[in-house]
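The values are calculated or read from the model by the stated rules, or taken from the named source; none is laboratory data. None of the values given here were measured: they were computed from a predicted structure. Ideal geometry is used to build each Cβ from the backbone, glycine not excepted, and the neighbour counts take in all protein chains shown.
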Amino acid sequence: MTELEFELEVAKFRDRDCIEMTAIVDDPDAVKLLCAWSNFPMRWECPEGEPPKRQSDLWEWLWSGVNVRILDLADRASLCMDATEAKFRQLMAAHLIYPNSTISPLAREEIERRVLRHKDAAPPKSSTGKRRYP
């Protein structure tokens, strides 16, 4: 499988709706990991054999070619190794992260909503550009 074919297969999964969006809504560790995974440096090597025809098998086959340093991902997400591994598997199974270090559009939208809520809740800046706190 070429790099282009890999990207096309990942795109097919991205176009599907995420059925487990609730996996991140109330889970700060999952949100941290989603942010850390987005554009995380990783390598993908084409696994042995032909790509499977069944979508569930293809998903696992695509991930089997991913080489991720979990320690680096844990560091980037500011999580312990155990939490990173557990959340990584959960997000992968829910199709909220993709094997090309991108995240689902629904997950990205949720993160953007959280950022906007946080920004709206921040104290206003003064004329000097510093935040004014009561």
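Data overview
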quantity: Matching option when the condition is among the acidic types (Asp, Glu) and modelled with pLDDT of 80 or more, among 7, 85; calculated: 85
quantity: Residue pairs meeting the criteria (Cβ under 6 Å; at least 6 apart or on separate chains; first over 19 Å from residue 86 (Cβ atoms), in region 58-72; second of a type in the set (Lys, Arg)); calculated: 67/43
quantity: Members of region 63-85 that are in a helix (DSSP H, G or I) and either among the acidic types (Asp, Glu) or over 15 Å from the mean Cα position of the chain (by Cα) (or both); calculated: 64, 71, 72, 75, 81, 82, 85
quantity: Extreme residue, surrounded by the most Cβ atoms within 10 Å (Cβ to Cβ), among residues of region 73-92 that are among the charged types (D, E, K, R) and in contact (Cβ under 8 Å) with a residue 12 or more places away in the chain; calculated: 87
quantity: Hey, residue 103 closer than 17 Å to residue 29 by Cα, buried (at least 18 other Cβ atoms within 10 Å of the Cβ) and at pLDDT 80 or above or not; calculated: yes
